[in-house]
Amino acid sequence: MKEFWIYIVKETLHILRDRKSLGIMLGIPIMQIFLFGFALTTEVKNSQIAILDNSKDLATRTIIEKFEANRYFEVNKSLKSISDIEKAFKSGKIKLAIVFQNNFRDNLLHSNKAQIQLISDASDPNTGTTVVNYATSIINDYQNQLTQQANLPYQIKVENRMLYNPQLLSSYTFVPGVMGMILLLICAMMTSVTIVREKELNTMEVLLVSPFNPYLFIMSKAVPYVVLSLINVTSILYFSKILFDIPINGSLLLIYFESFLFISVAVSFGLMVSNVTSSQQIAMSLSQVGLMMPTLLLSGFLFPRENMPLPMQLISNIVPTTWFIIIIKGIMIKGLGLQMLWKETLIMLLMLVFFLFISFKKFSIRLK
Amino acid sequence: MNAINVENITMTYNKGKVKALNGVSFSVKKGEIFGLIGPDGAGKTSLFRILTTLLLADSGYAEVAGFDVVRDMKSIRKIVGYMPGKFSLYQDLTVEENLKFFATIFKTTVKENYHLIKEIYVQIEPFKDRRAGKLSGGMKQKLALCCALIHKPEVLFLDEPTTGVDPVSRKEFWSMLRNLKKEGISILVSTPYMDEANLCDNIALIKDGNILTVNTPNGIVESYKEKLYSIKSQNMYQLILDLRSYEETKKCFAFGESLHVTFKNDLVDLELLNNKLKSNGHENIEITEITPSIEDCFLALED
């Protein structure tokens with residue numbers, strides 16, 4: 001026990017004395033929360049639109065008013081002819097152009113058919129689609145008003161309810177994602193260099209020629225990083241609550257428990273990398289390629305897993321963050337308990353055992 | 001029982017392409033200071049690593065304090081002290097923290113064996129709150145020695161402990177080793193400095209993975225059978241050329257401020273040589289017979 005303690009003390013001193021790295025480790029989470037919360041949002045707010053109203057009647061004016069009243073749109077200008085549309089797009093300010101046909105209201109009332117053209121700037125496909133969807137829903141809204149008055153014989157009325165995140169705020173999804181990414185980044189990358197560093201700085205050579213316990217030694221390397229990461233979990237949760245009012249519907253204790261498990265997985269992955277590599281640089285890049293990229297691309301953080309081709313979906317299963325994000329979303333947003341999340345928890349537990357096993361197994365008791 | 005027995009150890013790197021040790025055998029008696037003297041690349045570090053169980057030899061047998069270096073790895077790691085050639089302590093920990101750390105992993109305390117390191121530690125104690133990385137070369141070596149001694153090892157392995165250390169610190173270091181010997185600790189020490197050889201009880205001269213000879217420093221000097229002359233003149237460069245082209249010369253090396261020369265015939269006519277050098281334009285010629293140093297012996301043995 002005394003031996004384990006002195007390892008932890010030593011490892012903690014290494015971390016505390018490397019002020020720059022420590023600052024980065026504690027600062028990054030807060031920076032990321034700000035970044036994702038304010039800048040990298042997937043919502044489309046205040047889109048500038050242009051309107052070409054060939055009809056200028058009661059119906060078109062009502063629709064335009066609806067657009068003006070909506071916080072997602074801002075009517076930038078009225079156009080005079082079709083040829084203005086392209087100019088407006090090329091100026092770069094317009095995300096959407098709405099074109100009403102001639103005699104819009106007459107057509108609508110007499111032939112039951114009127115046409116609106118939505119032209120969107122799809123150079124950013126996501127924004128393009130989102131803007132068109134918003135616009136369509138505004139127009140449908142108007143149509144519903146009309147049909148209610150008309151009393152049609154057959155009518156299917158679709159009512160949407162967006163559960164758990166009724167306002168479709170992207171901050172709901174990014175907090176679990178950022179948590180997963182940050183914890184992984186810090187735990188895996190920082191621990192991945194710790195054992196290699198001892199090899200590179202030669203300290204391993206003296207350590208090996210001593211009755212030291214490799215298991216305690218490896219475990220002790222994990223402890224300070226786990227503590228540090230739990231501090232990060234706290235700061236991420238705190239800032240998400242303060243700045244974005246993210247709900248924590250489930251148990252806070254469970255969030256910490258699952259984070260602790262995930263951190264352990266990440267740390268043990270780092271240790272495994274550290275044990276099988278021979279230089280700090282290789283260890284860094286291996287943990288980066290091995291974890292960072294899959295986490296960003298495959299975990300469902302940035303892109304929904306359901307949209308991925310099958311092979312990618314299968315690969316995403318072995319990315320620990322995938323499971324962590326599912327769990328944290330479940331707890332924070334849906335308020336789920338462990339009885340609903342035991343499967344994901346078990347998967348992470350198995351990953352932890354696997355990584356630790358390899359680390360212990362690969363620890364070399366001699367020099368290479 | 002010997003402290004160390006090495007029998008026919010062979011070691012290669014890169015799948016046999018680079019030979020590091022070529023059938024090395026010697027033994028170190030209990031309680032003696034044994035010097036492994038040889039230039040860089042002679043195989044000293046490989047040998048140290050094999051004896052400290054860090055590397056596995058290709059063939060041969062070695063034991064330390066009666067333990068097999070392969071089979072009894074764990075026992076050996078408990079009772080030896082090892083100071084690698086490169087500084088291997090934690091640079092970002094202070095002097096005191098390093099010492100405490102190594103005491104703990106050897107399951108002892110600084111207090112328990114303080115008498116062993118006291119003489120050395122008092123010299124670095126004023127800097128005990130300084131980080132190890134910020135110490136001078138000599139201080140670093142003293143700290144490393146303290147850390148290697150803290151568990152009162154039976155056998156101490158010091159791989160080039162004085163390389164890169166100033167002459168005063170080197171002297172101090174060797175006097176510490178003499179004191180450790182009094183405590184009954186057997187010491188295997190390697191060094192590229194031939195002048196340190198005289199401070200050992202026994203030495204092995206090693207080159208290119210081969211042991212040239214094992215003997216006491218005096219024994220090695222005594223086994224030098226030829227007459228050795230030190231020759232000087234005002235034009236040393238010309239002197240080397242002249243002596244090397246002289247038909248009676250066997251070997252001629254530059255050695256500090258003079259040349260060390262052996263002749264094919266020990267009854268060489270020095271008068272004749274003196275005149276010959278004079279006629280070649282040399283002045284202030286000094287020819288004296290000298291007793292050989294370890295380095296002379298090494299140079300004589302290496303081919």
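Legend: translational diffusion of the stretch A:61-127 by Stokes-Einstein, Rh = Kirkwood radius over C-alpha pairs, 10 °C, 1.306 mPa s; D = 119 µm²/s. Just checking the listed ones, B:135, B:51, B:180: in the Gaussian network model of chain B with Cα springs under 10 Å, the one fluctuating most is B:135.
For the stretch B:210-248, the residues whose backbone nitrogen is under 16 Å from a point 7 Å from the Cα of residue B:288, taken along Cα to Cβ, are B:228-234.
Karplus-based coupling profile of the stretch A:272-285, in residue order and whole Hz: 4, 4, 4, 7, 9, 10, 10, 9, 4, 5, 4, 4, 4, 5, with θ = phi - 60° in 6.51 cos²θ - 1.76 cosθ + 1.60 and x standing for Gly or Pro.
In whole angstrom, the stretch B:4-222 maps to an equivalent ellipsoid with semi-axes of 28, 19, 17, each derived as √(5λ) from the alpha carbon gyration tensor and ordered largest first.
With the helix formula -39500 (n - 2.57) applied to DSSP H stretches of n ≥ 4, chain A reaches a computed 222 nm mean residue ellipticity of -20000 deg cm²/dmol. With a Förster radius of 22 Å applied to the C-beta separation of residue A:86 and residue A:54, the computed FRET efficiency comes to 0.85. Counting only residues at least eight positions apart within a chain, or on another chain, the lysines with an alpha carbon under 19 Å from that of residue B:17 are A:368, B:44, B:207.
The GNM of chain A, with springs linking C-alpha atoms under 10 angstrom apart, assigns the highest mean-square fluctuation among A:138, A:328, A:186 to A:138. Looking only at other chains, what is the average number of their beta-carbon atoms within 10 angstrom of each beta-carbon in A:198-206? For this peptide, the per-residue mean of nearby foreign Cβ atoms is 6. From helices alone, chain B scores -9500 deg cm²/dmol at 222 nm; the rule is -39500 (n - 2.57) for each run of n ≥ 4 DSSP H residues, then divide by the residue total. If you count the DSSP beta bridges with both ends in the stretch A:47-163, what percent of them are antiparallel, to the nearest 5? Given both bridge residues lie in the stretch A:47-163, the antiparallel proportion sits at roughly 35 percent.
Largest GNM mean-square fluctuation across B:95, B:165, B:189, computed for chain B with C-alpha springs under 10 Å, falls on B:165. Radius of gyration (Cα atoms) of the stretch A:262-368, expressed as a multiple of 2.2 N^0.38 Å: 1.20. Of all stretches in chain A that contain no GluC sites (Glu not before Pro) in a DSSP loop with at most 16 other Cβ atoms within 10 Å, the longest one is A:160-368. Please state, rounded to one decimal and in Å, the Kirkwood hydrodynamic radius that the stretch A:1-123 gives when every pair of distinct Cα atoms enters the mean of 1/r. Hydrodynamic radius (Kirkwood, Cα pairs) of the stretch A:1-123 is 19.0 Å.
Per-residue Cβ neighbour counts within 10 Å put B:6, B:122, A:227 in the sequence B:122, A:227, B:6, beginning with the fewest.
Beta-bridge orientation, chain A: approximately 35 percent antiparallel, per DSSP, counting only bridges with both partners inside.
Pairs exceeding a 26 Å alpha-carbon distance, out of A:10/A:199; A:95/A:241; B:19/B:181: A:95/A:241; B:19/B:181. Distances between placed amide hydrogens fall under 5 Å for residue A:73 paired with A:46, A:47, all partners being 5 or more residues away or on another chain. For the peptide B:96-108, the mean number of other protein chain Cβ atoms found within 10 angstrom of a residue's Cβ is 4. Taking the DSSP bridge list for the protein assembly as shown and keeping only pairs wholly inside it, about 60 percent are antiparallel.
Within a straight-line Cα-Cα reach of under 19 Å, residue A:343 can be paired with the following lysines, leaving aside sequence neighbours fewer than 8 residues apart in one chain: A:329, A:334. Rg/Rh for the protein assembly as shown stands at 1.24; both radii use Cα atoms, and Rh follows the Kirkwood definition. Straight-line reach from residue A:93: taking Cα to Cα under 25 Å and skipping same-chain neighbours fewer than 8 places apart, the lysines in range are A:45, A:56, A:66, A:77, A:80. Counted by neighbouring Cβ atoms within 10 Å, the residues A:187, B:297, B:200 run from fewest to most as B:200, B:297, A:187.
Neighbour counting of Cβ atoms within 10 Å sorts the residues A:61, B:178, fewest neighbours leading, into B:178, A:61. The mean count of C-beta atoms from other chains within 10 Å of the C-beta of residues in B:140-151, rounded to a whole number, is 1. Between residue A:19 and residue A:241, the modelled label-to-label distance comes to 3.2 nm, taking each label 7 Å out from Cα in the direction of the beta carbon.
How much net charge surrounds residue B:61 when only the other residues with a Cβ under 9 Å from the Cβ of residue B:61 are counted, with Lys and Arg +1 and Asp and Glu -1? Combined, the nearby Lys, Arg, Asp and Glu give -3.
The numbers here are math on the coordinates, done by the rules we state, and not lab data. These numbers come from a predicted model, not from an experiment. Because the Cβ atoms are built from the backbone with ideal geometry, glycine has one as well, and the counts that use them run over all protein chains shown.
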